[in-house]
């Protein structure tokens, strides 16, 4: 108690209170005034440190010195009984109370009057800045953005049950498919719009990445047999909400909700929704929710395009069809998967996979002749069977049914390429890319057409764009390497092939070393070329082969090694196999050294293809 009394006598406690009140008041004023003058943030931090550091010296000073009527004196010079006059003490107390009152008044005014005004001003300024940035970013590419373009983002699952994830995804996908059937709309493909799932990215940035003006987002809350779907349409060019609505329905009405939302969006965009189903009719083609869920899971895997994902997708489609044999989309999914699975796997021969794909597509069309997927699948099968006119007609039908069907535009591009219509092929793939800018396979096919045009630097760049969002997409590493080989950039090509080997088949690293040893004349080019040419069809998918090269790229590698006869032998041998991609190989400028050879000309005719470089290289002579 004696120490506390001594602190009071020496006015240390009063000084501590006075200092704290004063420091608090200084900070309040500083926080208000400093931002007005654009003072750096470090100034306010420095002030806090100074005030904190000064607290102890002030207390020490008040212990040593005392304020008397005669002025400031050391404690030893002052009589303890009369160390400070009562009136002086009262003045100090009144000063502390006055400062505290001022601080309280300032706090109240700042809290309830100034702060709301500052916040309102800041919100208005921030909104203005955001609007200006959004408008600038969208308008910068205004000429390239279709005003009737839209992306349907995956609806957020708010049910609290992860098993309902595909259910919320399914609503998004069905709305997307309905909108994609509208000629007046450009609809971003599922691959691209779903690539933003679970990512906290602002709508304007998503719209800019997908090159669309409108974005539809929403949520699904499923509880028992009840469901609430919330959807809102945003104009990314200005950030405005054009439309929003809640749909409370019984679970059995979910298919009607999909069409209802799609029609509402169509009205907002002032276009005719020519392909929406009659209200209440399930757009999905099934009333079996379990079959529908299996179908959606299968489609998500089909878009991945690798061996395991495709076979898993086929299994899911088959389960969906067994639950509802009248479910047309389940067979359409099988058709799509079987049309491409032999490009990624050796489990089935081309003939068998195409036979299964054709059967599934025909069954789907028998159930619903207005589905675009079966026509696209049949088109891809037909072109690999050299029924080129039929392939074109089937694919045109798929695009007519769903103008925003990115896969159909992609396949149309490669079909045009083997007809020698390289410029048209590129245009079709550019359309596919516009619809599905984050599709890996579209980017890779576009790179192949650019290589066929001899635009190797652009081909390399296109695949590098894909690797920016899909760094492990090894197919694009192969295209980059082929472009670099064509440009004589051997060191860069070796790096790309080594990385491709790490991802696909580490054993193929030896093949990469052998290739560049041969190119540098450190080993026999002929011996290495013969070993390459001896590899079997689709050997890339057999790890034991230790081969990295696609069958259609192998001729370009053989020519690079200077082996014309071996190249011609290889092309002739593989042209005997159904479903080969030899017609892709003959489009490459690398074939110029053998382009005028009678064997090469005969091969082009046999494949019912068209050589776009024959007239230029061979002078039009047969």
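Before moving on, here are some points about what is shown:
- Matching residues, region 365-380, being in a loop (DSSP other than H, G, I, E, B) and touching a residue at least 24 places away in the same chain (Cβ under 8 Å): 368, 370, 371
- Residue under evaluation residue 434, criteria (1) within 30 Å of residue 183 (Cα to Cα); (2) assigned to a loop (DSSP other than H, G, I, E, B), criterion not met: (2)
- Helices (runs of 4 or more DSSP H) contained in region 510-622 and holding at least 1 residues touching a residue at least 12 places away in the same chain (Cβ under 8 Å), crowded, with 20+ Cβ neighbours inside 10 Å and touching a helix residue (DSSP H, G or I) at 6+ places or on another chain (Cβ under 6 Å): 525-533, 554-560, 564-574, 582-585, 598-606
- Subset of region 303-315 (residues that are over 20 Å from residue 352 (Cβ atoms) and in contact (Cβ under 8 Å) with a residue 12 or more places away in the chain): 303
- Test: residue in region 319-341 that is assigned to a helix (DSSP H, G or I), outside the structural domain of residue 181 (by TED's automatic domain parsing), at pLDDT below 90 and in contact with a helix residue (DSSP H, G or I) (Cβ under 7 Å, 6 or more places away or on another chain): no
- Within region 197-268, strands (runs of 3 or more DSSP E) holding 3 or more residues that are in the same structural domain as residue 185 (by TED's automatic domain parsing) and within 19 Å of residue 186 (Cβ to Cβ): 214-223, 226-235
The values are calculated or read from the model by the stated rules, or taken from the named source; none is laboratory data. Just so you know, these numbers come straight off a predicted model, no measurement behind them. Here Cβ is always computed from backbone atoms with ideal geometry, including for glycine, and neighbour counts include all displayed protein chains.
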